[in-house]
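The values are calculated or read from the model by the stated rules, or taken from the named source; none is laboratory data. Please read these numbers as outputs of a predicted model, since none were measured by experiment. Backbone-built Cβ (ideal geometry, glycine too); neighbour counts: all protein chains shown.
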Amino acid sequence: MKFAYEDLKVWDRAVDFSVDVIDTVEDMSTDRKHYRLLEQAEACSTSVAMNIAEGKGRRSNKEFVQYLYISRGSLYE
């Protein structure tokens, strides 16, 4: 079974972005004091694709657009 969001190029790019962020964080060697900041970078990068997917599953385009705005907010985070 294929979900509708899997056909979206923006979702593909969001997944690629989150993988790049996670790979970058894993390659960093830093003190433990920065752990929360790095954890937050991973969390907000993955929420972009998740919000796009969730929005695509909603019943209206208006709701989908709202989730796209939420995804954009995660990018700014």
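A few points about this structure:
Yes/no per residue for (1) at pLDDT 95 or above; (2) in contact with a helix residue (DSSP H, G or I) (Cβ under 9 Å, 6 or more places away or on another chain); (3) of a type in the set (Ser, Thr, Tyr):
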site	(1), (2), (3)
Phe3	no, yes, no
Val10	yes, yes, no
Val15	yes, yes, no
Asp20	yes, yes, no
Met28	no, yes, no
Lys33	no, no, no
Leu38	no, yes, no
Ser47	yes, yes, yes
Met50	yes, yes, no
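- Failed item in (1) in a loop (DSSP other than H, G, I, E, B); (2) touching a residue at least 40 places away in the same chain (Cβ under 8 Å); (3) not aliphatic (A, V, I, L, M), with Ser71 passing the rest: (1)
- Of all residues in region 1-26, those that are surrounded by 13 or more Cβ atoms within 10 Å (Cβ to Cβ) have Cβ atoms under 6 Å from Cβ atoms of residues that are among the acidic types (Asp, Glu), 6 or more apart or on another chain, in Ile22/Glu42; Val25/Glu42.
- If you filter region 15-68 down to residues that are in a helix (DSSP H, G or I) and of a type in the set (Gly, Ala, Ser), you find that the one that is nearest to Tyr5 (Cα to Cα) is Ala53.
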